[in-house]
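Undergrad: Structure incoming, see below.
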Amino acid sequence: MTEKTIISSGLGHLFMTVFVFNFANFMVVPAITDVSMWALCPGEDECSLAIYLTGIQQAITGMGSLVMMPLIGNLSDKYGRKVMLTVPMLLTTLPLAILAYSRERNYFYAYYALKTLTSMICEGSVLCLAHAYVADNVGLHRRASAFGILSGISSCSFVFGNLSTRFLPTAASVFQVAAAVAMVSVVYMRIFLPESSMEAAVIAVSLKEETVNESLLEKGCTNNLRPRRSTPSLHDSIALLRSSWTFSQAAIVAFFSSLGELGLFSALLYYLKAEFHFDKDQFADLMIINGIAGIISQMVLMPLIARVISEEKILAIGLFFSCVHIFLYSVAWSSWAVYLAAMFQILAVFAGPSLRSIVSKQVGPTEQGKAQGCITGLCSFASIVSPLIFSPLTALFLSDNAPFVFPGFSLVCAAFFVMIAFIQSVLIQSPPAPVPDSKLDDSVSVEA
């Protein structure tokens, strides 16, 4: 079997791992709002306690992820992507198992506590490591399309996960199936996914550093040698942000776009529940529409567009339509307008893959985990800030004490933050990808 065949097979198994893992996690999204409301505020369509608990969980998760994502990314550069994928995928199954057993209030609080703790490590880590794995195995010129395909796979799992929820009869069966599928994803990954080709890059860099150290020793320069750190510090992350003006701009875009999107996700389901009395099935229908739009966009449109339009322009297009997408939700006057707004997801999802591709081109092949972890960490920081803004706004404007009647006001604020990201994205002008002496030649990167 040739090296190229092995790498292509590795990407195929990565895509299947991401699909099965996300399938399990997306299954519970339409059901968790009803489960939370039933456990905390039975019989009501508006529950401030559920909104605030969701915000607190999001903030705590963000604080943990802010620390853990750069660490996990950096450790994956040293120990391999597959090893580091195992821990978050395994931990994710534990909270699902609790609600698979019971949805009573005490069990819900146990789920809430365990989910908060595990999400500090797991939230975003699988996606971060998957992006690093793709960057290891795909050349620079095809990387945007590869990231688009990875996002398209996630959209496929989003559709099928929500579709299965739509036809499962009870919330109990939803969490039972989700827990089983999550465990299957771990077993599949451990058996079939080969280690990333970045191992060769690490060996080459290690040999180069070893040669340099030996020559320094021969010259008697032992005092200048320092042990190499295996874990990143805050100074390392700041240095990485300063390493490229394009990287810094991408980081700003990542923060504000995540802030807006997290505001949308934290407020939308409670907004739809209060205003249009959506339930599990209608949430699933809406998410299926979003997912199908994402599949068409990322699996069909983006690979074609990436051939003729630069990633910077694709990023700007995605952020602009993301802003429109969120704003239409905020002013929806009937339930069919909500579904219409969801259709704009077909262009809004351009932003994520193009941003990751821009970031990946600013570092060498042995720093992909660190770079993706840094961006994911910034997104986690946004998840700390987001609840401080959107949980009070959502609870206030869905209550009878709102200063003026505008239930979707928090969504307008979310659209405003995405607009800031759009303005910043327009200013990005990507220079040629750097190839510093400490990094490998582009020939190490093998196209899939």
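The values are calculated or read from the model by the stated rules, or taken from the named source; none is laboratory data. Worth saying up front: this structure is predicted, and the values here are computed from it rather than measured. Note: ideal-geometry Cβ built from the backbone for every residue, glycine included; neighbour counts use all protein chains shown. The accessibility values were calculated without ligands, DNA or RNA, using every heavy atom of the protein model including side chains. Shrake-Rupley method; radii C 1.70, N 1.55, O 1.52, S 1.80 Å.
Undergrad: Limited to the range 172-195, what total is found for residues that are assigned to a helix (DSSP H, G or I), out of contact with any His (no Cβ under 6 Å at 6 or more places or on another chain) and either under 23 Å from residue 129 (Cβ atoms) or open to solvent by 30 Å² or more (accessible area, probe 1.4 Å) (or both)?
TA: 16
Undergrad: For residue 399, work out the one condition from (1) in contact (Cβ under 8 Å) with a residue 12 or more places away in the chain; (2) assigned to a helix (DSSP H, G or I) it doesn't fulfil.
TA: The failed condition is (2).
Undergrad: Taking the options 258, 266, 248, name whichever one is of a type outside the set (Lys, Arg), at pLDDT 85 or above, assigned to a helix (DSSP H, G or I) and crowded, with 21+ Cβ neighbours inside 10 Å.
TA: Going through 258, 266, 248 in turn, the sole match is 258.
Undergrad: Tell me, which helices (runs of 4 or more DSSP H) lie completely within the range 1-103 with 3 or more residues that are at pLDDT 80 or above, touching a Lys or Arg at 6+ places or on another chain (Cβ under 7 Å) and surrounded by fewer than 23 Cβ atoms within 10 Å (Cβ to Cβ)?
TA: 29-40
Undergrad: Sort through 411, 393, 340, 398 and tell me the only one that's farther than 29 Å from residue 141 by Cβ, touching a Pro at 6+ places or on another chain (Cβ under 8 Å) and aliphatic (A, V, I, L, M).
TA: 398
Undergrad: Given the structure, is residue 296 more than 20 Å from residue 389 (Cβ to Cβ) and in a helix (DSSP H, G or I)?
TA: So residue 296 fits the description; yes.
Undergrad: In this structure, is residue 295 open to solvent by 50 Å² or more (accessible area, probe 1.4 Å), not small (Gly, Ala, Ser) and not assigned by the TED database to the domain that holds residue 152?
TA: Taking the combined requirement at face value, the residue does not satisfy it.
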